[in-house]
Amino acid sequence: MTRRSTAAALALLLTAAASYRVQAQVTYDRLVNAARESRNWLIYSGGYFSNRYSPLTQITPANAKNLELKWMYQAAVAGAWQMTPLVVDGVMYLTQRPNDVVALDAKSGRVFWIYRYQLDPTQIVCCGANNRGLAILGDTLYMGTLDAHLVAIDTRSGRPVWNTRVGDNKAGYSVTLAPLVVKDKVIVGVGGGEYGIRGYVAAYDAKSGREAWRFYTIPGPDEAGFDTWKACPPDAKPYCDSEAWKHGGGSVWVTGSYDPALNQTYWGVGNAGPDWNADQRPGDNLYTDSVVALDADTGRLKWHYQFTPHDRYDYDSVQVPVLADITWRGTPIKAMVWANRNGNFYVLDREIGRFLLGKPFVKVNWMDTFDERGRPHQTVQPAGQPTWPGNQGGTNWYSPSFSPHTGLFYVSAWENYATIFGGTPVEYQEGRNFGGGQNRPLVPVPGAPSLPGLRRGPINNWTEAAASGAVLALDAATGEQKWRYPMTDVTDSGILTTAADVLFTGGREGYFHAIDAKSGSLLWKTNLGAQIVSGPITYEVDGKQYVTAISGLSLCVFGLRE
Amino acid sequence: MRAHPFLSSAVLALALAAPSARAAQNPAIVPPGDYSPADIAYGSRIYDAQCTTCHGANGDAVGGVNLRSGTFRNAITDLDLARVITNGIQGTGMQAFKFDPSEVTGVVAYLRNMNSVDRGSAKLGDAARGKTLFDGKGDCARCHRVGAQGSRVAPDLSDIGAQRSAGSLQRSLVDPASQMMPINRPVRAVLRNGKVINGRRLNEDTYTVQLIDDQEKLVSLTKSDLREFTILTTSPMPSFTATFSADELSDVVAYLLSLKGR
């Protein structure tokens, strides 16, 4: 190579390097507009409004029958795979058990790199080595870990950039949710609702990993809401914890939402601790089982609404807050729509948190009416009698979808499902289960198989007698059921809708379904052989639309037959 | 369930470690008496507080795992059980539990006896006499199978003693429908061409159902192909109160309890 050509090559290289450097992948502006960037999937729930709705229209009700498998990626570690991938300009980023990050070609499934986070040997997590995904800003990915750290990873090299401790894993704190990036901050919440944690949402500087703010979901002394952790009566019988707030739970294990115009970030808060023995924590127990609206810059509470005061059923409100601009009784409003684990569908005004509507979407008997402010009138069932919905709820953490095109809210529901609840006193001990429950599933015959709460094998021997599942399409403004797609087994799958009015979802049986979002009729299905417990996403590469489904250990990607 | 070659020897080893006359007579059965009632009771309290979140009150809430069956995927001996409880199982939902030794002993004792703590008011008779009644006067093998003998039309009873409590077995003989598991409810399917299939479900999902029919054939049906699909709630099994005396019923229950599938 001549000197001139060497210089020219060097100049080219430098230019390329310079342009490479300035070409930060995902700016904050892109995140604000993520829901409109149809080719990609930049945020856990598809956009800040968490609608899981894509503008892509290549796959339609007419051609969905031509879907075929394009590629698969197999994870190595068994267990429920609850993760939602991100897709950025042809590259897919995903997490796999226990805390790996994988970058792969979204067109072929071939891997660029794998980052394996080294976990502390002590992980105290209630329900397996779950991780639900990543956040991205610029050229950095963010992952929470089972040992309660937040790690920043370079998108191109797969190398860690920084690692910050979020909580004490030895006391049961963990991070299983996908973080949410807002402006220059990475926001996470902590799991550990079964271990007597004191939950919080915390924001970290995206560049340095330094904590920027922290909002405790259990208020401390002198904070508003502390009076909802009431003192024990002097002759309390049985056991009552005079400092219950210190172990009050309020975990946050599913990603929140954000409204840029209001600069409010919304987070669903988990159950109170102990989960089931409510008598030892008198009061409403704020902000457990609530949604909290926080100032995104400071973490200060703007408003809250509590779905289940003084919860005795483990009705975590960890559902994804879905933000929807709808017409409420003739007036356009900024709403939040929410199908809660407690079996009710809610419409709230997300500017100020006003309760507008509460309506059961499955059978409910723990309450019967709401007052004007949305406080439920609770109807505690007599000892030994069943409560609907049962312990896992009418729905749970799996993502619903809102289609602005149909105006419908879609949710995976567990129907005809009840538990006979019972509390038992439990004293807090660090790292020990703090459930305080003696619950029995409602089964038609003593000793009959009960519905597996967390995961299942390939044989359904509990049958429809224990519970069954359905996708429900609800009018987002009224909660009225527009259609119902029944399933024999229950479903923990998330839901995706598209502008072509195709709804994608899975279920425990292993089927991946495409359903007409307007009518609820089946368009196409395929049996993937193992439970689907994640939310499908869709994206486009080189002009072709793809849709994902995770079944068991397999990430399956579908597109139209050519 | 087939006998596990390691299981038998391990249970034998366990029995030798804690010898008792009953264990020596029948090494294939872990005798409940080898665990102190206090340990079992203590273990049940710890189980309720620490284990039900995942495993459920009945021990069957994790798919493919039935703690009441006495057979464990990752443990054969009590020491194995203690190790799994203490260390967890990497990469699964089974976490490590910080139990002290007496708690571990209690939980192990409870797991080993989960299925028999609900003995209810059932009176236990003589298992050998019960087998004779099962094969003879009861004619139970006309529908049920034990090991390699009997029909497959009704549920296989080879490990029923590990699945059901004494009280439940006795109630089954007296009032069968009251104890019938939903999966065993008789089903009737009518194909589009009018062909009728009677059987019992082995599995079912939204679109299909898998049966064993009354000819002992495995049948998989697509629901959209059916003209009719009915699940009955009455049991085809008769009550045996007229066939057996009270003592004979106790003998049959004792025999059924001895069927551990090993």
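The values are calculated or read from the model by the stated rules, or taken from the named source; none is laboratory data. Please read these numbers as outputs of a predicted model, since none were measured by experiment. When we count neighbours, we look across all protein chains shown, and the Cβ atoms used for this are built from the backbone with ideal geometry, even at glycine.
Here are a few things to note about the model shown:
- The C-beta contact set for the stretch B:167-181 (first residue closer than 16 Å to B:His144 by Cβ and within 11 Å of chain A (Cβ to nearest Cβ), second residue in a helix (DSSP H, G or I) and of a type in the set (D, E, K, R), distance under 7 angstrom, 6+ apart or interchain) comprises B:Gln179/B:Arg171.
- Residue identified as away from chain B (no Cβ under 14 Å), within 30 Å of A:Met83 (Cα to Cα), in contact with a Lys or Arg (Cβ under 8 Å, 6 or more places away or on another chain) and not aliphatic (A, V, I, L, M) among A:Gly479, A:Gly407: A:Gly479
- Residue match in the stretch A:124-143 (condition: over 23 Å from the mean Cα position of the chain (by Cα), at pLDDT below 95 and within 16 Å of B:Thr92 (Cα to Cα)): no
- In the stretch A:235-244, the condition of being modelled with pLDDT of 95 or more and either buried (at least 24 other Cβ atoms within 10 Å of the Cβ) or not in a strand (DSSP E or B) (or both) is met by at least one residue.
- For B:Met114: the one exception among (1) modelled with pLDDT of 95 or more; (2) touching a Phe, Trp or Tyr at 6+ places or on another chain (Cβ under 9 Å); (3) within 13 Å of another protein chain (Cβ to nearest Cβ): (1)
- Flag for B:Ser250 being surrounded by 17 or more Cβ atoms within 10 Å (Cβ to Cβ), polar (S, T, N, Q) and in a helix (DSSP H, G or I): yes
- On inspection, A:Ala339 does not qualify as surrounded by fewer than 24 Cβ atoms within 10 Å (Cβ to Cβ) and under 19 Å from the mean Cα position of the chain (by Cα).
To keep it simple, each residue is scored yes or no on (1) over 18 Å from A:Glu509 (Cβ atoms); (2) modelled with pLDDT under 95.
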site: B:Leu191; (1), (2): yes, no
site: B:Gly199; (1), (2): yes, no
site: B:Asp205; (1), (2): no, no
site: B:Asp213; (1), (2): yes, no
site: B:Phe229; (1), (2): no, no
site: B:Thr233; (1), (2): yes, yes
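- Close pairs from the stretch A:510-525: first within 17 Å of A:Val490 (Cβ to Cβ) and of a type in the set (Gly, Ala, Ser), partner assigned to a strand (DSSP E or B) and at pLDDT 95 or above, Cβ under 7 Å, at least 6 apart: A:Gly510/A:Asn527; A:Gly510/A:Ser551
- Of the residues making up the stretch A:189-203, those that are within 16 Å of A:Gln123 (Cβ to Cβ) and in a strand (DSSP E or B) number 1.
- Condition check for A:Tyr410: under 21 Å from A:Gly268 (Cβ atoms) and part of a strand (DSSP E or B): yes
- Any hit, the stretch A:486-501, residues being among the acidic types (Asp, Glu), on the phi < 0 side of the Ramachandran plot, surrounded by fewer than 23 Cβ atoms within 10 Å (Cβ to Cβ) and more than 7 Å from chain B (Cβ to nearest Cβ): no
- The lone criterion from (1) within 7 Å of another protein chain (Cβ to nearest Cβ); (2) more than 27 Å from B:Asp60 (Cβ to Cβ) left unmet by A:Asn433 is number (2).
- Those residues of the stretch B:61-113 which are part of a helix (DSSP H, G or I) and without any contact (Cβ under 8 Å) to a residue 40 or more places away in the chain, in sequence order: B:Leu79, B:Asp80, B:Leu81, B:Ala82, B:Arg83, B:Val84, B:Ile85, B:Thr86, B:Asn87, B:Pro101, B:Val104
- Test: residue in the stretch A:440-455 that is among the basic types (Lys, Arg), assigned to a strand (DSSP E or B) and within 11 Å of chain B (Cβ to nearest Cβ): yes
- Within the stretch A:527-543, the set of residues being part of a strand (DSSP E or B) and within 19 Å of A:Ala500 (Cβ to Cβ) comprises A:Thr538, A:Tyr539, A:Glu540, A:Val541.
- Residues in the stretch A:75-94 that are surrounded by fewer than 18 Cβ atoms within 10 Å (Cβ to Cβ) and either of a type outside the set (Asp, Glu) or within 14 Å of another protein chain (Cβ to nearest Cβ) (or both): A:Ala76, A:Val77, A:Ala78, A:Gly90.
- Residues that are at positive phi and without any contact (Cβ under 8 Å) to a residue 40 or more places away in the chain within the stretch A:423-450 comprise just one, A:Gly447.
- Only listed residue being under 23 Å from the mean Cα position of the chain (by Cα), at pLDDT below 95 and farther than 23 Å from A:Tyr346 by Cα, chosen from A:Gly453, A:Gly447, A:Gly506, A:Gly422: A:Gly453
- Looking at A:Tyr428, A:Tyr417, just one residue is part of a loop (DSSP other than H, G, I, E, B), within 14 Å of chain B (Cβ to nearest Cβ), surrounded by fewer than 20 Cβ atoms within 10 Å (Cβ to Cβ) and among the hydroxyl-bearing types (Ser, Thr, Tyr), and that residue is A:Tyr428.
- When A:Ala148, A:Ala135 are checked against the criterion of being more than 14 Å from chain B (Cβ to nearest Cβ), crowded, with 22+ Cβ neighbours inside 10 Å and touching a residue at least 60 places away in the same chain (Cβ under 8 Å), A:Ala135 stands alone in meeting it.
- Within the stretch A:105-121, restricting attention to residues that are touching a Gly at 6+ places or on another chain (Cβ under 9 Å) and in contact (Cβ under 8 Å) with a residue 60 or more places away in the chain, the residue that is nearest to A:Trp253 (Cα to Cα) is A:Ala106.
- Taking (1) within 25 Å of A:Val547 (Cβ to Cβ); (2) more than 14 Å from chain B (Cβ to nearest Cβ); (3) in a loop (DSSP other than H, G, I, E, B) in turn, A:Gly167 satisfies each apart from (1).
- Hits in the stretch A:463-475 - residues which are of a type outside the set (S, T, N, Q) and at the interface with another protein chain (Cβ under 7 Å from one of its Cβ atoms): A:Ala465
- Condition check for B:Ser151 on (1) surrounded by fewer than 16 Cβ atoms within 10 Å (Cβ to Cβ); (2) without any contact (Cβ under 8 Å) to a residue 60 or more places away in the chain: one failure, at (2).
- Residues in the stretch A:369-390 include at least one that is more than 9 Å from chain B (Cβ to nearest Cβ), buried (at least 24 other Cβ atoms within 10 Å of the Cβ) and either touching an Asp or Glu at 6+ places or on another chain (Cβ under 7 Å) or of a type outside the set (A, V, I, L, M, F, W, C) (or both).
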